[in-house]
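Engineer: Pasting in a structure now, in structure tokens, and then I'll have a few things to ask.
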Amino acid sequence: MKLIIRDYLASLKEREELDAILPDLLSEIGFTVYSRPGRGTTQYGVDVAAVGEDEDGERKVFLFSVKQGDLTRRDWNVTEQSLRQSFDDIQDVYIPTRIPKRYENLKIVICACFGGDVQEQVRPMLTGYINAHTTDRVSFAEWNGDKLAGLVLQGILREEILPKPLRSRFQKAVAMVDEPDVSFAHFVGLVTQLRESTGGIQKLKVRVARQIYICLWILFVWARDAGNLESPYRASEIALLNVWELARGFVGKNNKNSRAITSVFHALIRVHIMIVENLLVRKILPHVGKRHALSMGVESRSSVDVNLKLFDVLGRIAMLGLWLNWFGQKLENEEEAERHGKVREIAEGGFKLIHNNPTLLLPRCDHQAIDIALFLCFASSIEGCEADISGWLQELTTRLALAIRTHGKYPCVFGDYRDLVDHPRERSDEYRSEATSGSTLIPLVAAWLSALGDSNSLETISELTRTELSHCTLQLWLVDEVTEEKLYVGEHGHGVALCDLAISNSGKELLDTVSEACRAKESFSMLSPVRTGYWPIVLLACRHYRHPIPPQFWINVLRPLADDGEGLGSEIAPKS
Amino acid sequence: MICVQALVERAGNDGAAHEPYRAFREWCRADLARAREVVDAALQDDALTVSFLSFALEAGSFVDIAKEFVSSYSDKRQLAAVCALGRCSYSSVGQANEALSAILDAQRDCSDDALCANSLVSALTISNALPAADSSLVQTIVRLACEAKGSQTRFFCGRMLWQFSTRLSRPTIQNLLNVLSSLEPSEKGTIRELDLGLQKLLKTDCADLAIRFVETLLISAKGGIRLPQLDRFGKELSTASRHHLGGVVVRWLLLGESVLCDGLHEVMREVEGGGKVLELDLKGLNLSAVETVFLSRKAVGYLFFQPVTAASVLVSVLRIQDNRIIDDVRDLLLSALLVNFGGALVNYLESIDKEDPAYSDVRWALEQNEQYLSDFNSIGEIKELWPSDYQRQIERRRASEEGREIQKMAEKKSVFFGLVKRSTILYGNRTLAYVDDQEGKRRPIEVEMKSFGATIELPRALIVDPVGLDYMLRVFRAERLKHETDHSRLPSLT
């Protein structure tokens, strides 16, 4: 286990990555962290500052200067960011001016913190420097990978709180990153058991949140080295949802545990975004402009695999964009401009993905309406995307009608992979009726077509629902009062199906009905993420556990804002 | 005769069922008294004997007696005699002409299908045996028979086409084909005869008549008769000269009738290696830009699964160097064909000579294709996109089951599987078996096994965009010209 953690620490590629976990490690072993890493502000050599007991039992101020990997000659004394420079800054500026008044009387330990080891040729220089600068008040310490791994094992992942069966699950999750299904299954087992172990005790909830966070980090770093981020991607979603389940009672409250768990939750969001960006921004989006490239990248002989995977990717792209929109609501002008550009790029990437991978012009199963809804929500928040949205939905409608009428590869209600691979098993009306017994896709598309004023496509859908799909139960999904308790942990059997939606040639009645239902059901606004402003969590839960996206997320985009119900349409858009 | 009758009845539909009649005829020929005895009994209207009358008349070449029967009777005996006149040996052209006159007399004012059919056969058989016989008599008999248009007449029209294909005059062939144009889909036997006849006609100067007839027949049958039913004709057409086949391809694609274009697809289907290269002479046709693009899209729509053939149509179109359509056609070559197929298609396109007028456009398409391929090779491995092992396992099982089903179907269709003993060898690459020889000794027989196989290249779109592919092919197949092509501008086929 220590080997896994050491290897993980040594593999942390960015300095910020070690920064990110250090405060939680310190908190878990009893330190009080009073300064966390910040971007863009001068820290005078200190990345993390905390107060805690030293090995001699005395309470001291610990000032950490963090470096990545092994400490090399370059890290020691070549650049402005070198450790020696940081040590000098700490002694010259930080200690005289930045130590909080309440800690002024405490002794100070300046810690060189890095994930790997001190390289041999640097050792004499480091030792010499320490000997020369050690005083009664200021001493130096070396927190290398081995020490940090020890702290992780003695602290946050110690055996009393992470017993052997759970350690085993975690080890398997890490070892099997190249088989994402297996790795993820173990991670789910680990997270679920950890969450269930808190017994409602607030302090334990904070600790479990930190454990999940550290475990996710370790999984991510291992998977990144293995070149396969599928497991950590899914794991980060499940981690966020489970930690939300732990945190939702705390959010908005101002006590120590609330602040702690909110902090872990925010850190978890950052890791999640980092994983998503590593996967999407570095691996997928650079190739969206290449015709069929990502479709062929699925490396399968089955068109179902291509379809399932690319709709999944589209949903992930949409979620990334929506998260960035969410961040946008909290940013100031300069950062907001940067974010705005990034979001636009992601939206353009999504449309390029659709354009160059035509499998995205028709889903194979109804639950892919979730990914479509997510992308519509995201794209509609970007100015100037209407034509692309309209073109996509128009093509989708044409293909839907063709596939249904010719008994081709039309979207079906089946979710099991075996059924999908065989679909359509028969080219008979009877089979088609069974395979299209219900649909959330059609009302979703019809509602958007109606709002976009595409009467031709709407007419095609309307005619389908009167003829070949007259048996089909057109429906949308609304949350209910039980949803809050079940949504984030993946329990099904909650919510309300808004049924028998009529689709006329104008689609007006459909929009009216959906608006009215959204106004009538108050449960949506009672969902903790909606109440506290963390609305992407609802979307994430829907994407991950395959619940349709509640229409409250998009109805206000489609309806004039005068109709304002309890929807979120305008909130998912960026501020500008 | 009772014995022969019983043997024939017992044989049922066997191909050799009528052999006992031949033996009976030889038996009569061996002693003409036997033949005369049969004739005498037939004069008494003995039911059994009437069935054997034609063989007896033929055995003795009793032309005069046969003529007597033809003119004196209007029952089965007349029919038997007409039939016998077609098989008799004639001592002179004059005697043959007399026989033809007798047949013609019997046929006048008679619309009996059986009589017309037998008159037709006898007249053409006599004409074939004695080319100097009066052709006007033969033509009249054929014309009258053809006017009757009964099912038996149609059957024998088909037979005559293949039996005498090289010796029939163009008007006679036209007459026979006219009769066959009223063929019903249920007349399967006649369709088989016709198929043989058309196959033979394709090798003659009258190939154009055969092709036009098939066009008319398939269109008027409205799907009741399809080209696969004219299997031999189709095979012959597929191996016809490039010029000939090319003419048919252009003609049928421009007509745009689905039954003809589907037929083309069937005709080309048997050809391996991406299909046959066609060289179409389009310059003389003065096609409009719309018609040329229409032709190109039809070629892609119907010949998609023979990409080399479809591409060769597009290359022929590019050779016209019509600036109005070059972009459309080379885009079709790229986005419909090259994006979907490699292998034989790329080899064919790369083989196009630098001097060829289409060379630069083909190069453009090939270069774009290389860029396309290098684009998706450039992404490397993105493991996150791969299906899980579980999914791969299920897909493999499905593919294997599908393969097994295809194999079973192929075995059912195979001619050989019904004829030979089948052994399944589990290990090794040779077999050794012992058999008893004629001397009662056991002899080892060793058979070395060779592998054989066939490959088919599936279009890439079946994986990346099956719905789009289906949509494109349907649109290309279904679209029609607003203004139909002037038929006089279609390839002449001669």
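Conditions tested, residue by residue: (1) surrounded by fewer than 23 Cβ atoms within 10 Å (Cβ to Cβ); (2) within 15 Å of B:Leu473 (Cα to Cα); (3) modelled with pLDDT under 95.
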position	(1), (2), (3)
B:Pro307	no, yes, yes
B:Leu314	no, no, no
B:Gln321	yes, no, yes
B:Arg324	yes, no, yes
B:Val329	no, no, no
B:Leu333	no, yes, no
B:Leu337	no, yes, no
B:Gly342	yes, no, yes
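Engineer: Would you be able to tell me the number of residues in the range B:347-359 that are surrounded by fewer than 20 Cβ atoms within 10 Å (Cβ to Cβ) and under 25 Å from B:Asp465 (Cα atoms)?
Structural biologist: Qualifying residue count, the range B:347-359: 1.
Engineer: Looking only at the range B:299-351, count every residue that is in a loop (DSSP other than H, G, I, E, B) and more than 20 Å from B:Gln371 (Cα to Cα) and tell me the total. First the steps, then the outcome.
Structural biologist: First pass over the range B:299-351, keeping only residues in a loop (DSSP other than H, G, I, E, B): B:304-306, B:320-325, B:339-342, B:351.
With more than 20 Å from B:Gln371 (Cα to Cα) added as a condition, the list becomes B:304-306, B:320-325.
Adding up the residues that qualify gives 9.
Engineer: Looking at the range B:396-413, can you tell me whether even one residue there is outside any helix (DSSP H, G or I) and more than 14 Å from chain A (Cβ to nearest Cβ)?
Structural biologist: no
Engineer: Please enumerate the residues belonging to the range B:235-253 that are under 19 Å from B:Trp162 (Cβ atoms) and surrounded by 23 or more Cβ atoms within 10 Å (Cβ to Cβ).
Structural biologist: Within the range B:235-253, B:Leu237 is the sole residue that qualifies.
Engineer: In addition: Please work out which residue is farthest from A:Asp480 (Cα to Cα), limiting yourself to the range A:507-535 and to residues that are within 20 Å of the chain's Cα centre (by Cα) and surrounded by 20 or more Cβ atoms within 10 Å (Cβ to Cβ).
Structural biologist: Going through the qualifying residues, I end up with A:Tyr534.
Engineer: Shifting gears a bit: For the range A:360-373, what are the residues that are away from chain B (no Cβ under 14 Å) and either touching a Leu at 6+ places or on another chain (Cβ under 6 Å) or farther than 20 Å from A:Leu540 by Cβ (or both)? Working first, answer last.
Structural biologist: Taking the range A:360-373 first, the residues away from chain B (no Cβ under 14 Å) are A:366-367, A:369-373.
Within the range A:360-373, A:Asp366, A:Ala369, A:Asp371, A:Ala373 meet the criteria.
Engineer: B:Asn286 is checked against (1) modelled with pLDDT of 90 or more; (2) over 22 Å from the mean Cα position of the chain (by Cα) and fails just one. What number does that condition carry?
Structural biologist: Going through the list (1) modelled with pLDDT of 90 or more; (2) over 22 Å from the mean Cα position of the chain (by Cα), B:Asn286 breaks only (1).
Engineer: Ok, one more. Return yes when B:Leu137 is part of a helix (DSSP H, G or I), among the hydrophobic types (A, V, I, L, M, F, W, C), under 17 Å from B:Gln78 (Cα atoms) and modelled with pLDDT under 90 and no when it is not.
Structural biologist: Taking the combined requirement at face value, the residue does not satisfy it.
Engineer: Applying the selection to the range B:42-74, what residues are aliphatic (A, V, I, L, M) and either crowded, with 18+ Cβ neighbours inside 10 Å or touching a Cys at 6+ places or on another chain (Cβ under 8 Å) (or both)?
Structural biologist: Result: B:Ala42, B:Val50, B:Leu53, B:Ala56, B:Leu57, B:Ala59, B:Val63, B:Ile65, B:Ala66, B:Val70.
Engineer: Another question, if that's okay. Take the conditions within 44 Å of the chain's Cα centre (by Cα) and either acidic (Asp, Glu) or within 14 Å of another protein chain (Cβ to nearest Cβ) (or both) and apply them to B:Arg430. Does it pass?
Structural biologist: Values: within 44 Å of the chain's Cα centre (by Cα): yes; either acidic (Asp, Glu) or within 14 Å of another protein chain (Cβ to nearest Cβ) (or both): no.
It is false that B:Arg430 is within 44 Å of the chain's Cα centre (by Cα) and either acidic (Asp, Glu) or within 14 Å of another protein chain (Cβ to nearest Cβ) (or both).
Engineer: Just for the range B:128-140: of the residues that are in contact with a Phe, Trp or Tyr (Cβ under 8 Å, 6 or more places away or on another chain) and under 15 Å from B:Gln95 (Cβ atoms), which one is surrounded by the fewest Cβ atoms within 10 Å (Cβ to Cβ)?
Structural biologist: B:Ala129
Engineer: I'm told A:Gly453 meets every condition in (1) in contact (Cβ under 8 Å) with a residue 60 or more places away in the chain; (2) at positive phi except one. Can you identify the failing condition by its number?
Structural biologist: Here A:Gly453 clears every test but (1).
Engineer: So, B:Glu187, is that one in contact (Cβ under 8 Å) with a residue 24 or more places away in the chain and within 25 Å of B:Met268 (Cα to Cα) or not?
Structural biologist: No: the conditions fail for B:Glu187.
Engineer: Another question, if that's okay. Can you pull out every residue in the range A:29-47 that is within 26 Å of the chain's Cα centre (by Cα) and modelled with pLDDT under 80?
Structural biologist: Correct list: A:Pro37, A:Gly38, A:Arg39, A:Gly40.
Engineer: In the range A:402-415, what count of residues is obtained for those that are more than 8 Å from chain B (Cβ to nearest Cβ), surrounded by 18 or more Cβ atoms within 10 Å (Cβ to Cβ) and in a helix (DSSP H, G or I)?
Structural biologist: So the answer is 1.
Engineer: Return the residues of the range A:156-178 that are touching a residue at least 40 places away in the same chain (Cβ under 8 Å) and not aromatic (Phe, Trp, Tyr); say none if nothing qualifies. Break it down stepwise before answering.
Structural biologist: Quick first cut of the range A:156-178, residues touching a residue at least 40 places away in the same chain (Cβ under 8 Å) only: A:156-157, A:161-162, A:167, A:170-171, A:173-174, A:176-178.
A:Ile156, A:Leu157, A:Ile161, A:Leu162, A:Arg167, A:Gln171, A:Ala173, A:Val174, A:Met176, A:Val177, A:Asp178 - these are the residues of the range A:156-178 that are touching a residue at least 40 places away in the same chain (Cβ under 8 Å) and not aromatic (Phe, Trp, Tyr).
Engineer: Right, here's the next one. Might you check whether a residue that is within 30 Å of B:Arg396 (Cα to Cα), more than 9 Å from chain B (Cβ to nearest Cβ), in contact with a helix residue (DSSP H, G or I) (Cβ under 9 Å, 6 or more places away or on another chain) and buried (at least 21 other Cβ atoms within 10 Å of the Cβ) occurs anywhere in the range A:235-252? Steps first, please.
Structural biologist: Taking the range A:235-252 and keeping what is within 30 Å of B:Arg396 (Cα to Cα), we get A:235.
Those left that are additionally more than 9 Å from chain B (Cβ to nearest Cβ): A:235.
Filter once more, keeping what is in contact with a helix residue (DSSP H, G or I) (Cβ under 9 Å, 6 or more places away or on another chain): A:235.
Next, only the ones that are buried (at least 21 other Cβ atoms within 10 Å of the Cβ) stay: A:235.
Checked against the condition, which is being within 30 Å of B:Arg396 (Cα to Cα), more than 9 Å from chain B (Cβ to nearest Cβ), in contact with a helix residue (DSSP H, G or I) (Cβ under 9 Å, 6 or more places away or on another chain) and buried (at least 21 other Cβ atoms within 10 Å of the Cβ), the range A:235-252 yields at least one hit.
Engineer: For the range B:165-205, give me each residue that is surrounded by fewer than 20 Cβ atoms within 10 Å (Cβ to Cβ) and not in a helix (DSSP H, G or I).
Structural biologist: B:Thr166, B:Arg167, B:Ser169, B:Ser181, B:Ser182, B:Glu184, B:Pro185, B:Ser186, B:Glu187, B:Lys203, B:Thr204, B:Asp205, listed by residue number.
Engineer: Going by the conditions given, is A:Trp477 away from chain B (no Cβ under 14 Å), in contact with a Leu (Cβ under 8 Å, 6 or more places away or on another chain), closer than 23 Å to A:Leu558 by Cα and outside any helix (DSSP H, G or I)?
Structural biologist: So A:Trp477 passes the test.
Engineer: Give the range A:134-159 a look and list any residue that's outside any loop (DSSP other than H, G, I, E, B), of a type outside the set (A, V, I, L, M, F, W, C) and modelled with pLDDT of 90 or more, or say none. Before you say what the answer is, go through the steps one by one.
Structural biologist: Residues of the range A:134-159 outside any loop (DSSP other than H, G, I, E, B): A:138-143, A:145-154.
Adding the requirement that they be of a type outside the set (A, V, I, L, M, F, W, C) leaves A:139, A:142, A:145-147, A:150, A:154.
Residues satisfying the conditions are A:Ser139, A:Glu142.
Engineer: Let me ask you something else. Take the residues in the range B:458-485 that are away from chain A (no Cβ under 13 Å) and part of a loop (DSSP other than H, G, I, E, B); name whichever of them is surrounded by the fewest Cβ atoms within 10 Å (Cβ to Cβ). So that I can check it myself, show each step before the final result.
Structural biologist: Step one: filter the range B:458-485 for residues away from chain A (no Cβ under 13 Å), giving B:476, B:479-485.
Now narrow it down to the ones that are part of a loop (DSSP other than H, G, I, E, B): B:479-485.
Values: B:Glu479: 12, B:Arg480: 9, B:Leu481: 14, B:Lys482: 5, B:His483: 9, B:Glu484: 11, B:Thr485: 19.
If we take residues in the range B:458-485 being away from chain A (no Cβ under 13 Å) and part of a loop (DSSP other than H, G, I, E, B), then B:Lys482 is surrounded by the fewest Cβ atoms within 10 Å (Cβ to Cβ).
Engineer: While we're looking at this one, here's another question. Do you know which residues across the range A:485-494 are surrounded by fewer than 21 Cβ atoms within 10 Å (Cβ to Cβ) and touching a helix residue (DSSP H, G or I) at 6+ places or on another chain (Cβ under 9 Å)?
Structural biologist: Those that are surrounded by fewer than 21 Cβ atoms within 10 Å (Cβ to Cβ) and touching a helix residue (DSSP H, G or I) at 6+ places or on another chain (Cβ under 9 Å): A:Val489, A:Gly490, A:Glu491, A:His492, A:Gly493, A:His494.
Engineer: Which pairs have Cβ atoms under 9 Å, sit 6 or more apart or on different chains, and link a residue in the range A:72-86 that is modelled with pLDDT of 85 or more to one that is acidic (Asp, Glu)?
Structural biologist: Note: pairs meeting the criteria are A:Ser82/A:Asp75; A:Leu83/A:Asp75; A:Ser86/A:Asp47.
Engineer: Go through A:Arg418, A:Arg399, A:Arg432 for me and flag whichever is part of a helix (DSSP H, G or I), among the charged types (D, E, K, R), within 14 Å of chain B (Cβ to nearest Cβ) and crowded, with 20+ Cβ neighbours inside 10 Å.
Structural biologist: A:Arg399
The values are calculated or read from the model by the stated rules, or taken from the named source; none is laboratory data. Worth saying up front: this structure is predicted, and the values here are computed from it rather than measured. Note: ideal-geometry Cβ built from the backbone for every residue, glycine included; neighbour counts use all protein chains shown.
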